[in-house]
Amino acid sequence: MTHDLDYDIDRDGDAAVISVRGDLDLRNREALSMTAIGLLSDEKVVIVDLSEVTFLDSSGLSALIRARHEADRLGREFRIRAAREPVARLLEISGLGPWLAGGDP
């Protein structure tokens, strides 16, 4: 059974929030990465809500890393929030969770 990725973009105060649902993997990482990077050109803060992401692989993780690097390059803020198992576990194992949540590298 495969789960496609779906997302909505909303506002939360001064931030653009991308609420993601489904699997974030090789098949759809580019769409999320380009959406986040596109928002960073106009928004000071972009948040990716992972509370409904059911699967995250290394390519999905690289899409989040790419967006964070772009935010840093532009002097913007990028962060993730609300990851649940098993996504939270991958973020913990990789050691990237705190940095992607908005912390320092």
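The values are calculated or read from the model by the stated rules, or taken from the named source; none is laboratory data. Bear in mind that the values here come from a model prediction, so they are computed numbers and not experimental data. All Cβ positions, even for glycine, are placed from backbone atoms using ideal geometry, and neighbour counts span all protein chains on display.
Assess whether Glu85 counts as being surrounded by fewer than 17 Cβ atoms within 10 Å (Cβ to Cβ) and not in a helix (DSSP H, G or I). Against the criterion (surrounded by fewer than 17 Cβ atoms within 10 Å (Cβ to Cβ) and not in a helix (DSSP H, G or I)), Glu85 qualifies.
Per the listing Arg68, Arg81, Arg76, the residue uniquely more than 15 Å from Gly97 (Cα to Cα), in contact (Cβ under 8 Å) with a residue 24 or more places away in the chain and in contact with a strand residue (DSSP E or B) (Cβ under 9 Å, 6 or more places away or on another chain) is Arg76. Residues that are surrounded by fewer than 19 Cβ atoms within 10 Å (Cβ to Cβ) and not aliphatic (A, V, I, L, M) within segment 1-18 comprise Thr2, His3, Asp4, Asp6, Asp8, Asp10, Arg11, Asp12, Gly13, Asp14, listed in sequence order. Number of residues in segment 29-60 that are within 20 Å of Ser94 (Cα to Cα), β-branched (Val, Ile, Thr) and surrounded by fewer than 21 Cβ atoms within 10 Å (Cβ to Cβ) equals 1.
On the given criteria, is Ser59 outside any loop (DSSP other than H, G, I, E, B) and farther than 14 Å from Tyr7 by Cβ?
So Ser59 fits the description; yes.
Remark: Ala63 falls outside the filter, which requires a residue to be in contact (Cβ under 8 Å) with a residue 40 or more places away in the chain, hydrophobic (A, V, I, L, M, F, W, C) and either loosely packed, with under 13 Cβ neighbours inside 10 Å or within 19 Å of Ala101 (Cβ to Cβ) (or both). Looking across segment 18-34, just one residue is more than 14 Å from Glu52 (Cα to Cα) and among the hydroxyl-bearing types (Ser, Thr, Tyr), and that is Ser33.
Taken over segment 3-41, residues that are outside any helix (DSSP H, G or I), of a type in the set (Asp, Glu) and in contact (Cβ under 8 Å) with a residue 24 or more places away in the chain amount to 5.
To keep it simple, each residue is scored yes or no on (1) at pLDDT below 95; (2) over 14 Å from Ile18 (Cβ atoms); (3) in a strand (DSSP E or B); (4) in contact with a Lys or Arg (Cβ under 8 Å, 6 or more places away or on another chain).
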residue	(1), (2), (3), (4)
Val48	no, no, yes, yes
Ser51	no, no, yes, yes
His69	no, yes, no, no
Ile80	no, no, yes, no
Pro98	no, yes, no, no
Gly102	yes, yes, no, yes
